[in-house]
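The values are calculated or read from the model by the stated rules, or taken from the named source; none is laboratory data. What you see is a predicted model; the values in this text were computed from it and never measured. Glycine gets a Cβ as well: all are built from the backbone with ideal geometry, and neighbour counts include every protein chain shown. For accessibility, only protein heavy atoms count, side chains too; no ligands or nucleic acids. Shrake-Rupley method; radii C 1.70, N 1.55, O 1.52, S 1.80 Å.
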Amino acid sequence: MSVQQTNRITTETALAHFENSPIWGYHLPISIDVANQLIEEKDRRVILTIGGERLHVAIMPKQLECFIMLNKALVKKLNLQLGQKVQITLEKDPSEYGMEMPDELRELLFQDDEGSSYFHALTPGKQRNLIYLVSKVKSTDSRLKKALAIVHHLKEMQGKLDFKMLNETIKYYNQL
């Protein structure tokens with residue numbers, strides 16, 4: 001059963017796992033009917049509320065149903081078990097990048113036209129990957145160092161991403 005309230009859909013699903021996949025793991029199956037109410041053309045980004053957690057996620061298609069991926073850490077944090085029924089709320093993600101942009105990266109991109117140009121030329125998925133790298137750090141100082149390293153790397157590589165080199169640049173900036 002699904003309940004929709006002003007672009008919010010509350011529904012019940014059960015934690016599942018793709019057993020024979022080396023890439024995919026824990027997920028929440030979502031009915032096509034629910035997914036179709038939230039997907040607009042290629043934009044599948046939604047905000048998932050589960051167990052008090054509010055997450056920016058994507059609805060992924062799979063044959064006659066859809067699903068939302070969950071990582072092991074979240075499954076453990078929420079103390080979820082395979083097959084356990086859970087109530088979730090989904091709403092369209094209104095954010096520009098499909099997740100919240102950390103203030104440190106936003107301000108740096110605002111001040112650095114070249115870095116901003118390279119960042120915005122990346123695919124939305126790569127942009128989210130870089131945003132995640134910055135946002136997963138708790139301290140403001142560390143977020144700023146990581147943002148500086150990312151912009152430096154993009155400018156040095158003329159917009160190309162090499163994650164091995166980026167990690168080295170991040171290590172360098174962390175030592176400053």
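Numbers below:
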| read-out | value |
| --- | --- |
| Failed item in (1) closer than 17 Å to Ala14 by Cα; (2) buried (at least 18 other Cβ atoms within 10 Å of the Cβ); (3) not hydroxyl-bearing (Ser, Thr, Tyr), with Ile47 passing the rest | (1) |
| Only one of Glu19, Glu65, Glu12 that is open to solvent by 30 Å² or more (accessible area, probe 1.4 Å), farther than 22 Å from Asn129 by Cα and in contact with a Pro (Cβ under 7 Å, 6 or more places away or on another chain) | Glu65 |
| Matching residues in the stretch 22-37 - criterion: being open to solvent by less than 20 Å² (accessible area, probe 1.4 Å), in a strand (DSSP E or B) and not hydrophobic (A, V, I, L, M, F, W, C) | His27 |
| Failed item in (1) within 22 Å of His56 (Cβ to Cβ); (2) at pLDDT 95 or above, with Thr140 passing the rest | (2) |
| Residues located in the stretch 38-58, provided they are at pLDDT below 95 and either outside any strand (DSSP E or B) or among the hydroxyl-bearing types (Ser, Thr, Tyr) (or both) | Leu38, Ile39, Glu41, Lys42, Arg44, Gly51, Gly52 |
